[in-house]
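The values are calculated or read from the model by the stated rules, or taken from the named source; none is laboratory data. Just so it is clear, the structure is predicted and the values come from calculations on it, not from any experiment. Every residue, glycine among them, receives a Cβ derived from its backbone with ideal geometry; neighbour counts consider all protein chains shown. Each accessible area value is taken on the protein alone, full model and side chains, heavy atoms only, with ligands, DNA and RNA left out. Shrake-Rupley method; radii C 1.70, N 1.55, O 1.52, S 1.80 Å.
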Amino acid sequence: MTQNTRLGIPLMIAATFVFAVQDGISRHLAAEYNVLMVVMIRYWFFAAFVIALAKRQVGSVRAAAATRQPLVQIFRGVLLAAEICVMIWAFVLLGLVEAHAVFTSYPLLVAALSGPVLGEAVGWRRWTAIAVGFVGVLIILQPGYAVFSPAAIVPLVAALMFALYGLLTRYVARQDRTATSFFWTGVSGAVVMTPLGLWLWEPMSAGNWVWMAVLCLTGVTGHWLLIKTYEVAEASAVQPFAYLQLVFASTIGLLVFHETLAPNVVLGAGVVVAAGLFTLWRSRKVS
């Protein structure tokens with residue numbers, strides 16, 4: 001397939017913007033209703049999307065579901081659903097700005113865990129960048145400054161979960177096609193979230209049902225843009241632009257939710273992003 005990085009970059013930027021809007025709507029709804037219910041409804045639409053995509057790409061749901069590693073695929077889907085719940089909880093506890101500033105450490109966690117999970121070699125330069133990146137996380141969290149808030153650990157847990165999900169996605173890709181992994185991601189998440197969300201169901205106002213519909217649309221649109229991005233460009237070429245989600249989400253947090261931008265968050269996020277970009281550059285150089 002011919003690579004078109006010039007098209008892939010604006011597609012990635014558009015995807016990160018849509019996901020940032022999705023995060024803002026999730027923060028709004030989760031402040032009013034139970035997080036598990038919000039994520040459940042979101043997954044219903046996501047599952048419908050991946051099933052429709054599976055039929056289009058491989059001809060049938062049965063063909064898309066065919067895998068030699070069903071337990072790993074199911075675990076991936078459940079792990080992502082749990083990560084989304086944790087991250088939305090972080091939005092409510094900390095706001096979009098601080099939650100995303102900590103969450104940007106996930107590429108560093110991917111690099112750190114790629115050795116034990118996938119058996120990949122990680123050189124001293126990338127280990128140094130990982131260490132520097134986590135200094136940035138500490139700058140954001142400010143442990144030992146006044147009273148350290150346990151809530152600050154929540155987005156870090158979400159980052160760890162998302163990093164493990166990403167590594168498992170690379171692991172299953174050794175045997176399964178992309179459509180199969182995407183299918184199991186959506187369906188597994190919907191299956192596990194449905195009983196939890198229904199158990200904690202709350203009546204929703206008409207206005208918030210509109211926001212819920214927009215949330216579902218942004219989820220489908222964001223994933224569609226991401227799929228198109230990776231269809232036209234190499235992941236390594238467009239991945240640096242994924243960090244713009246921090247910028248977009250922080251802007252929404254500042255303008256819509258009236259959050260503040262503390263100097264330590266700006267400094268720490270800058271260190272984390274710089275370290276993440278360096279690890280990406282090193283991975284491209286040694287591959």
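Side notes on the structure shown:
- Within the range 133-164, tally of residues that are open to solvent by 30 Å² or more (accessible area, probe 1.4 Å), closer than 21 Å to L277 by Cβ and modelled with pLDDT of 75 or more: 3
- Considering only residues in the range 29-55 that are part of a helix (DSSP H, G or I) and not hydrophobic (A, V, I, L, M, F, W, C), the one that is surrounded by the fewest Cβ atoms within 10 Å (Cβ to Cβ) turns out to be E32.
- Test result for L71, open to solvent by 40 Å² or more (accessible area, probe 1.4 Å) and without any contact (Cβ under 8 Å) to a residue 60 or more places away in the chain: yes
- Scan of the range 88-99 for residues that are under 18 Å from H258 (Cβ atoms) and open to solvent by 10 Å² or more (accessible area, probe 1.4 Å), ordered by number: V92, L93, L94, E98
- Any hit, the range 251-258, residues being out of contact with any helix residue (DSSP H, G or I) (no Cβ under 7 Å at 6 or more places or on another chain) and not in a helix (DSSP H, G or I): yes
- Complete set of residues in the range 168-198 that are touching a Ser or Thr at 6+ places or on another chain (Cβ under 7 Å), open to solvent by 10 Å² or more (accessible area, probe 1.4 Å) and farther than 18 Å from V61 by Cα: T169, A173
- Odd one out for F49 among (1) closer than 25 Å to I153 by Cα; (2) in contact with a His (Cβ under 9 Å, 6 or more places away or on another chain): (1)
- Looking across L277, L267, L254, one residue alone is touching a residue at least 12 places away in the same chain (Cβ under 8 Å), open to solvent by 50 Å² or more (accessible area, probe 1.4 Å) and in contact with a Pro (Cβ under 7 Å, 6 or more places away or on another chain). It is L277.
- Meets criteria (open to solvent by 20 Å² or more (accessible area, probe 1.4 Å) and either at pLDDT below 75 or among the β-branched types (V, I, T) (or both)) for G115: yes
The rows are residues; the columns are (1) modelled with pLDDT of 85 or more; (2) part of a loop (DSSP other than H, G, I, E, B).
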residue: R170; (1), (2): no, no
residue: F182; (1), (2): yes, no
residue: L196; (1), (2): yes, no
residue: E202; (1), (2): yes, yes
residue: G207; (1), (2): yes, no
residue: W211; (1), (2): yes, no
residue: T218; (1), (2): yes, no
residue: T221; (1), (2): yes, no
residue: E231; (1), (2): no, no
